[in-house]
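First the structure, then my questions, so here it is.
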Amino acid sequence: MTVIGAAAHVMPPFLGADMAMLDAVELVDHLCSDRSDSLIDALTAYEHGMRERMVPFIERSVGAQEVLFNVEAPKALAAMINTARADIGEIHQATFEHSLAGVERADLTGVQ
């Protein structure tokens, strides 16, 4: 079984949707490419790449949970939001660029 998005990696709402979309693009890319000899190889390669890509985001998510459930949550949350604004912009840009590259590589012959 292969899962994507929040089913694969629980994320706060502001990151989860982007990661799910990127997961979907990468999964389709692996399934439609000729880089793997079998379905199992394609899924394994996708899962390996997804896990490697998600480690920093999962670590941030754990950090966010620690901030949100802390006695000093309001102050800590404000500081975290200010710090995360730049990171979110980079994530959106990276997701867009990766999605565009996947669409350009995709062979849509026969897709209706």
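Would you confirm whether or not the range 40-47 contains a residue that is modelled with pLDDT of 75 or more, among the aromatic types (Phe, Trp, Tyr) and either closer than 22 Å to Asp18 by Cβ or in a helix (DSSP H, G or I) (or both)?
Within the range 40-47, the first condition is being modelled with pLDDT of 75 or more, and the residues that meet it are 40-47.
Checking which are among the aromatic types (Phe, Trp, Tyr) leaves us with 46.
Subsequent filtering for residues that are either closer than 22 Å to Asp18 by Cβ or in a helix (DSSP H, G or I) (or both) retains 46.
Yes - at least one qualifying residue is present in the range 40-47.
For the structure I just gave you, tell me whether Glu26 is charged (D, E, K, R) and out of contact with any Phe, Trp or Tyr (no Cβ under 7 Å at 6 or more places or on another chain). Lay out the reasoning, then the answer.
On the way: charged (D, E, K, R): yes; out of contact with any Phe, Trp or Tyr (no Cβ under 7 Å at 6 or more places or on another chain): no.
No; evaluated as a whole, the condition is false for this residue.
Please enumerate the residues belonging to the range 20-66 that are surrounded by 15 or more Cβ atoms within 10 Å (Cβ to Cβ) and small (Gly, Ala, Ser).
Result: Ala20, Ser36, Ala42, Ala45, Gly49, Ser61, Ala64.
Moving on. I need every pair where a residue in the range 51-73 that is under 22 Å from Thr2 (Cα atoms) has its Cβ under 9 Å from the Cβ of a residue that is at pLDDT 80 or above and not charged (D, E, K, R), sequence separation at least 6 or different chains.
Arg53/Leu22
The values are calculated or read from the model by the stated rules, or taken from the named source; none is laboratory data. Just so you know, these numbers come straight off a predicted model, no measurement behind them. Here Cβ is always computed from backbone atoms with ideal geometry, including for glycine, and neighbour counts include all displayed protein chains.
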